[in-house]
Amino acid sequence: MVSVMAGEPIISPDTRRQPRLPPGHTPTPILLEPTLGEIPPFDPAHWDLTIFPRPFVSEVKSFTWSQFLSLPRVRVFADMHSIDRQSKLDNLWEGVSTRVIQDQIQLSPEVRFVMVHAEYGYSANMRIEDFFAEDSLLALRLDGRELTPEQGYPVRLVIPRLYSWKSVKWVRGIEFLTEDRPGFWESVPGSQYPFHGDPWTESRFREK
Ligand SMILES: Nc1nc2c(c(=O)[nH]1)N[C@H]1C(S)=C(S)[C@@H](COP(=O)(O)O)O[C@H]1N2
Ligand SMILES: [Mo]
């Protein structure tokens with residue numbers, strides 16, 4: 001197989017903060033949060049990743065599994081912070097930079113937000129600046145190993161600068177938006193999950 005991995009890892013800027021942990025956070029070897037629902041099966045013959053809709057992208061684009069595997073890779077060293085104040089430090093992710101996806105599409109200038117969709121209906125909304133941040137990627141591997149089914153195999157989004165619920169596992173779709181819309185956790189009735197989800201400003205609760 002041709003190696004498509006390049007260069008030194010990108011160091012997520014948040015790992016250089018002093019202190020390194022957001023206020024009140026505790027380091028943990030594993031985020032102790034159960035995933036919703038069952039772990040989806042993976043069938044490489046039918047898997048695809050779809051980028052939509054028109055006219056926000058000039059054409060709808062679907063990557064097959066082999067097309068996705070042929071995209072160039074990056075490694076990203078990053079921490080992951082959860083809304084219940086646990087932090088999983090020192091993750092070395094490998095995958096496709098969201099900026100590679102950006103290079104493959106023509107995005108209209110009025111696009112401001114992204115909704116990332118998973119198998120079985122999970123989704124998360126975010127700003128395009130967060131989605132296209134230098135340390136954001138569609139990860140295939142963690143710490144030198146293929147993702148486990150629990151970790152989102154075959155592909156999970158990783159957005160180190162946002163709370164972990166934005167790092168959608170089992171990604172299948174990327175939907176561009178001009179206006180923000182709630183994802184799964186943001187739309188649970190009575191949900192206090194904020195739309196943005198910045199661990200560093202303690203945006204743990206929805207504020208006016
Ligand atoms: N598809 C999907 N992605 C998901 C979730 C989920 O339930 N389904 N849970 C989110 C939440 S709430 C957290 S805390 C992290 C947990 O990631 P981990 O299992 O790798 O620790 O995944 C996020 N991504
Ligand atoms: Mo979570």
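The values are calculated or read from the model by the stated rules, or taken from the named source; none is laboratory data. Keep in mind it's a predicted model, so treat the numbers as computed, not measured. FYI the Cβ positions are ideal-geometry reconstructions off the backbone, even for glycines, and counts take in every protein chain you see. Please note that ligands, DNA and RNA were not included when accessible areas were found on the heavy atoms of the full protein model with its side chains. Shrake-Rupley method; radii C 1.70, N 1.55, O 1.52, S 1.80 Å.
Tabulated data
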| read-out | value |
| --- | --- |
| FRET efficiency estimate (nearest 0.05) - Cβ-Cβ, residue 28 to residue 129, R0 22 angstrom | 0.20 |
| For region 13-27, 3J(HN,Hα) per residue [Karplus equation, 6.51 cos²θ - 1.76 cosθ + 1.60, θ = phi - 60°, Hz, x = Gly/Pro] | x, 5, 6, 9, 5, 10, x, 6, 9, x, x, x, 7, 10, x |
| Dipole axis of region 46-180 (+1 Lys, Arg; -1 Asp, Glu on Cβ), positive-most option in 114, 80, 151 | 151 |
| Within the chain: Cβ-based charge dipole about Cα centre, in debye rounded to nearest 20 (Lys, Arg +1; Asp, Glu -1) | 220 debye |
| Accessible area of the chain belonging to carbon and sulfur atoms, whole % at 1.4 Å probe | 54 percent |
| Distance-filtered residues of region 67-97 - backbone nitrogen under 14 Å, label point 7 angstrom along residue 42 Cα→Cβ | 67-70, 94-96 |
| Extension gain (nm, one decimal) between residue 110 and residue 64, 0.36 nm per residue minus Cα-Cα | 13.8 nm |
| Packing-based order for 120-128, 187-195, using average beta carbon neighbours within 10 Å, highest first | 120-128, 187-195 |
| Structure-based [θ]222 nm, the chain - -39500 (n - 2.57) summed over DSSP H runs of at least 4, per residue, nearest 500 | -1500 deg cm²/dmol |
| Accessible area expressed per residue, the chain, with surrounding protein chains retained (probe 1.4 Å, Å²) | 51 Å² |
| Proximal charge balance of residue 111 [Cβ under 14 Å; K/R count +1, D/E count -1] | -2 |
| Residue 202 versus residue 17: modelled label distance in nm, points set 7 Å from Cα along the beta carbon direction | 1.3 nm |
| Highest to lowest packing among 52-62, 168-178, 109-119, scored as the average C-beta count within 10 Å | 168-178, 109-119, 52-62 |
| Distribution of pairwise C-alpha distances over region 46-180, 5 Å bins, in % | 2, 11, 21, 26, 22, 12, 5, 2, 0 |
